[in-house]
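Right, one structure below, let's go through it.
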Amino acid sequence: MFTYKDTLTWIRLTAQYIEENKDYLTDLDRAIGDADHGSNMDRGFKKVMKRITTCEDEDIGSMLNMVGMALISSVGGAAGPLYGTFYLQAAKAINSKKELSPEDIAALLEAGTEGLIKRGKTNPGDKTIIDSLQPGVEALKKSLRDGNDITAAMQDAVQSAEEGMRHTIPLVAKKGRASYLGERSAGHQDPGATSAFYILKALRDVFVSG
Amino acid sequence: MIGIVIVSHSKNLGEGVRELAMQMTHEKVPIAVAAGIDTPDTSLGTDTSQIFQAIESIYSDDGVIVFMDLGSAILSTETAIDFFPPHQKENIYLCEAPLVEGVLTAAVQVAGGSNIDDVLYEARNALRAKASQLGIEDTTKKDSETKSIFKESTQEIVLPVRNRLGLHARPAAKFVSTANKFSSEIFVKNLSKNTDFVNAKSINQIITLGIRHGNKIMIASSGIDAGDSILALKKLIESNFDEEEPEFISLTLKEEEERMTPERRADTLSGIPVSPGIAIGPVYIYRPHIPDIPEYVAPSPDTEMTRFLHAIDEVKNDIERIRQNSSTSMDRYDASIFEAHLLYLNDPALIERTRDIIFKEAINAEAAWQSAIREMIISYKSLGDQLVRDREVDLLDISSQVISRLTGIRRRHPEPENAAILVVGELNPSEAAQLKKDKILALCSEKGNKTSHSAIMARSIGLPAVFGIGEDIDKIDENSTLIVDGNQGIIIMDPDAVTLARYRDLRDKEIQEKQETISRAFQKASTIDGASVSVVANVANITDIKTALENGANGVGLFRTEYLYMNRLSLPSEEEQYKIYKEAADLLGDRLLTLRTLDIGGDKPIPYLNIKKEPNPFLGWRGLRYCLDEIGIFKTQLRAILRASHERNVQIMFPMVATVPEVRAAKAILVEVMKELSQAGISFNRDIKIGAMIEIPSAVVMGPHLIKEVDFFSLGTNDLTQYVLAADRSNTNVVALCDPFDPAVLMMIRDTIAAAHAAGKMAGMCGEMAGDLRALPILLGLGLDEFSMIPTVISEWKEKLRQTSLRKAKELAEQVLQCISVEEVKSKYADYLKE
């Protein structure tokens, strides 16, 4: 079972990957946006880490809720409300559970992704967060349905997310600041799809390392 | 007033746009800016909580329009709006207009008093002026302008208006009613005055075009009957609006159908039953004194205008006063009518028209005002819509109020010396609001129907009423006795003895039934042997209070104000809190409202309060402890509570009291707030009662000292139990220890009650135990005065109380206090049940 502690590890790893790749994300954003995605996300997750504590009796939903609120209130760009909505909706899907089954994990990721799509009014192929997140979640669900355990399923999810992320390179942006560039946005990897990939990668690494 | 919010990535840009808009409107329009972020690496960005606060700072039900620059500004705004409650959310509009043009246009519109739809419409078309200046208009007009207004193909026509007075009230009304016959969207603009398009189906908008003789107008229509609508309007204008007497749709036609037609006898009148009930009594005919308005040449239009505007202000003040006073006498009657009256008094169409007449015709203000009103009424009448025509009463009402102020002739109010049945031509809302139920038995009106304000009013205070009697009402003799049957819509004049007896029976039966219903719901809570206690409710919001009242609660023993602080991004303002506390207290009327001050802690996270997660939140920084450290937050709440306490039955309760000095400190802050309010001339109840929640063992032990500081105790048994037994109720391993029936807890309860009673004060309980049916006899036996519980258990609890004997409860209480374990308590309780 995926415990409160595991959730904590997931968030910690996410914050760590974002921090390590802060400049990379910003560089990606510089090519097609306003060169702030890395620093924005890093600031957001730093705030998250500041608020997070190690209280054992808290439920996972409340923690994800807190993550969402922290991101909303501290990330200046579009990523704040988008990722904030992702975590808030994810929290709603699992309520006050203290342990998650593989199905719960898939459900929380799916609910978060749906919330994010609604908030951003995004379609797959618009060159956004969704382009890595959604294939990742779909792969996770499929892999679980095929009878794989969560560790294998998360491996599949991350692989699909990574492919989705690479596939944003030739796309023309339809949303966000990048869309102002039109055709010129093609040829660059989308920073949002990249940060979403780290979120899934962090989740996988909870299982791989633990 | 409508508010405008500017959301931008850049603080400079946001502030700059505001500055531009302010300059245009002379700072009259509320404009808030949420722009930029405050981080070390960049100042460009948008912040959801900042946007939330900006919207909240200028929010009113008139509406808020948010203009955003790019990308994340929109996302952040949408996210921020999700934190508003649904009824506020629907008044917040996100406008896609270009930021600078949109904000400026909207600000100018708001300053001019436009409604939200008009402001949005204008803002969305804000690029037009620039386009026309650049000479782009001709090529893009159909695309940019017409497309944005009309969905389908549009037909247009340009026409001169040739009738003598132009599109003034009556022709405008005809124009609007003609436009309304078609389903197409129709817009009109006055080319001669270079106005914007307005909705041809709105009388008030048409009037704003100021179309005069010789002006050219453009009509644009789109929809399936666009062609026909253009033709019809063209015909109307070319015929100079048939400037003969307009055909009024008979006011009484529709009502005739609604009318009940029972056996009509010479001494029986019939009308529309608008408020049920039967009344028998003498007649009081009220003939409102309509002052004779002389028209004369006024040498100084300026003086007349000043007099007029002064009278308008005075009437606004009068209405404000009636509105405030009526909240009690009118009970649940929706006072929104007065809002409508204030709107009329602010209506530029009326004020400007009066100014026009004063200056053009050089006549006195009274006469000018009356003719402006008359024009407006004519336009309303020809609209043919019943609801709109009902508003004629409102216009007449404010009209006579203004005239009374101008002439100094005071209006009489319908108030008979002895209780009587009021017979009127038509009752103004302002008169209806001042009716005293002990003086008026029933209401009979020549005009009016179920939707009249006085009808709503009559229903809300339970006054039988028959309206729409027509001219027959003149047959009612001043010296007769009347039976008013509000159920059937019949009035019987000078009934014979048999009829009278029959109706007396009916009336008495009705009154009796009504009283029985009331007493069942609100029957006193007392035991078999006649001892009574107070049964009140634990609530968290207004809906709970309504449920509590329906269930017969005697008041509110615990209002959990912390819910006001949850699920949002910033602190609730003083005004917001005040409104809710006031509404709560008003709903409760004479019944008590106990407001518990903010009770939060590490276990109830509120993101913006920055309370850190604590290893032991139940032993941590919470309740009163938090408030004493965050004095700003505490004072805001106390101000709101005190303001709501003015002439209302409100008391304060402090949560998580551990020591006597804590209560003294809280009281000192309360006194400080009282001083500030006094200095500001704000009224409140100086003798407001203060209570302490008893939920910490130290407070029980210090009870005899603590009670000297407060007016009452209220036991919070949920926390008290876990503190007494040192067992966390959320920890499954020890939760079994958390039993309020533990003799140690029962002794704590006994001591608390004893301390209060020794000081001649009251002890209540608002923990779950208070509503626990099993605990009832024990707590009753221990002498608890007040039981506060969730609303839905009240009726069952009361039922149980009625089967309980105080004597036996006391015996049981004495026995359980001797017990040494929960098990023993429960076995004693089982014995008690067997008896």
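The values are calculated or read from the model by the stated rules, or taken from the named source; none is laboratory data. Quantities reported herein were computed from a predicted structural model and do not represent experimental measurements. When we count neighbours, we look across all protein chains shown, and the Cβ atoms used for this are built from the backbone with ideal geometry, even at glycine. To get the accessible areas, we keep the full protein, side chains included, count just its heavy atoms, and leave off ligands, DNA and RNA. Shrake-Rupley method; radii C 1.70, N 1.55, O 1.52, S 1.80 Å.
Can you give the angle from 0 to 90° between the axis of helix A:191-209 and the longest principal axis of chain A, with both taken from C-alpha atoms, to the nearest 10? The two axes meet at around 30 degrees. Packing around the peptides A:157-166, B:762-771, A:36-45, A:89-98, taken as the average count of other Cβ atoms within 10 Å per residue, puts them in this order, highest first: A:36-45, B:762-771, A:157-166, A:89-98. When both bridge partners sit in chain B, DSSP labels roughly 35% of those beta bridges antiparallel.
Could you work out how far helix A:130-145 tilts from the main Cα principal axis of chain A, as a 0 to 90 degree angle to the nearest 10? For helix A:130-145, the angle is close to 40 degrees. Partner shielding of A:65-73 amounts to 4, given as the average count of beta-carbon atoms from other chains within 10 Å of each residue beta-carbon. Using the structure shown, select from B:Lys174/B:Lys437; A:Lys92/A:Lys142; A:Lys46/A:Lys97; A:Lys127/B:Lys612; B:Lys546/B:Lys613 the pairs with a Cα to Cα distance greater than 31 angstrom. The answer is B:Lys174/B:Lys437; A:Lys127/B:Lys612; B:Lys546/B:Lys613. With contributions of -39500 (n - 2.57) from each DSSP H run of at least four residues, the per-residue ellipticity at 222 nm computed over chain A stands at -23000 deg cm²/dmol. Among B:569-576, B:1-8, B:721-728, the peptide with the highest mean count of other Cβ atoms within 10 Å heads the list, and the full ranking is B:1-8, B:721-728, B:569-576.
Within 10 Å of the Cβ of each residue in A:35-41, the mean number of Cβ atoms contributed by other protein chains is 3. In order along the range B:505-512, the Karplus-derived 3J(HN,Hα) couplings, from 6.51 cos²θ - 1.76 cosθ + 1.60 at θ = phi - 60°, round to 4, 4, 5, 4, 4, 4, 4, 4 Hz, and Gly and Pro are given as x. Length gained on full extension, B:Ser10 to B:Ser683: 238.0 nm, using 0.36 nm per residue less the C-alpha separation.
Mean partner shielding of peptide B:66-77, defined as the number of other chain Cβ atoms within 10 Å of each residue Cβ, is 5. Averaging the sequence gap over all C-alpha pairs within less than 8 Å and six or more residues apart, then dividing by the number of residues, gives the range A:60-160 a relative contact order of 22 percent. Highest-first packing order for the peptide set B:822-828, A:137-143 is A:137-143, B:822-828, based on the mean count of other beta carbon atoms within 10 Å.
The charge dipole of the protein assembly as shown, taken about its Cα centre with unit charges on the Cβ atoms of Lys, Arg (+1), Asp and Glu (-1) only, comes to about 760 debye. Here the ratio of the Cα radius of gyration of the range B:667-720 to 2.2 N^0.38 Å is 1.43.
Ligands, DNA and RNA excluded, the heavy atoms of B:Tyr286 present near 10 Å² of accessible surface to a 1.4 Å solvent probe.
Helix B:301-329 axis versus longest C-alpha principal axis of chain B: approximately 30°, rounded to the nearest ten. Set against the 2.2 N^0.38 Å expectation for a compact globular protein, chain B has a Cα radius of gyration ratio of 1.17.
With a 1.4 Å probe and every protein chain kept in, tell me what percent of the accessible surface of the protein assembly as shown is carbon plus sulfur. Accessible surface attributable to carbon and sulfur in the protein assembly as shown totals 51 percent.
Taking the DSSP bridge list for the protein assembly as shown and keeping only pairs wholly inside it, about 40 percent are antiparallel.
Roughly how many Å is it from the Cα centre of the range A:85-157 to that of the range B:23-99, as a whole number? Spelled out, the Cα-based centre of one part sits 31 Å from the other. The value given for the range B:3-132 is a Kirkwood hydrodynamic radius of 14.4 Å, derived from the mean inverse Cα-Cα separation. Across the range B:534-834, Cα-Cα distances exceeding 28 Å account for 38% of all pairs.
At an R0 of 22 angstrom, the distance between the Cβ atoms of B:Lys475 and B:Leu506 translates into a FRET efficiency of 0.40.
When only the Cβ of Lys, Arg, Asp and Glu is charged (+1, +1, -1, -1), the dipole of chain B relative to its Cα centre reaches about 840 debye.
The distance between label points at A:Met1 and B:Lys437 comes to 5.8 nm (points 7 Å beyond Cα on the Cα→Cβ vector). Its Cα centre serving as origin, the range B:3-132 has a Cβ charge dipole (Lys and Arg +1, Asp and Glu -1) of approximately 340 debye. Here B:Lys761 is the anchor, and the aspartates and glutamates within straight C-alpha reach of less than 13 Å, apart from those fewer than 8 places off in the same chain, are B:Glu709, B:Asp711, B:Asp785, B:Glu786.
Taking the helices alone, chain B has a mean residue ellipticity at 222 nm of -14000 deg cm²/dmol, built from -39,500 (n - 2.57) per DSSP H run of at least 4 residues and averaged over all its residues.
Note on the protein assembly as shown: Kirkwood radius taken over Cα pairs, Stokes-Einstein applied at 25 °C and 0.890 mPa s, translational D equal to 71 µm² s⁻¹. Each part gets one Cα centre, and for the range B:600-672 versus the range B:736-752 those centres are 26 Å apart. Just to be sure I understand the curve: with the Debye formula and one point per C-alpha of chain A, what is log10 I(q)/I(0) at q = 0.10 Å⁻¹? Debye output, listed in q order: -0.37. When the Cα convex hull of the range A:1-97 is projected onto planes of every orientation, the mean area is 5.9 nm².
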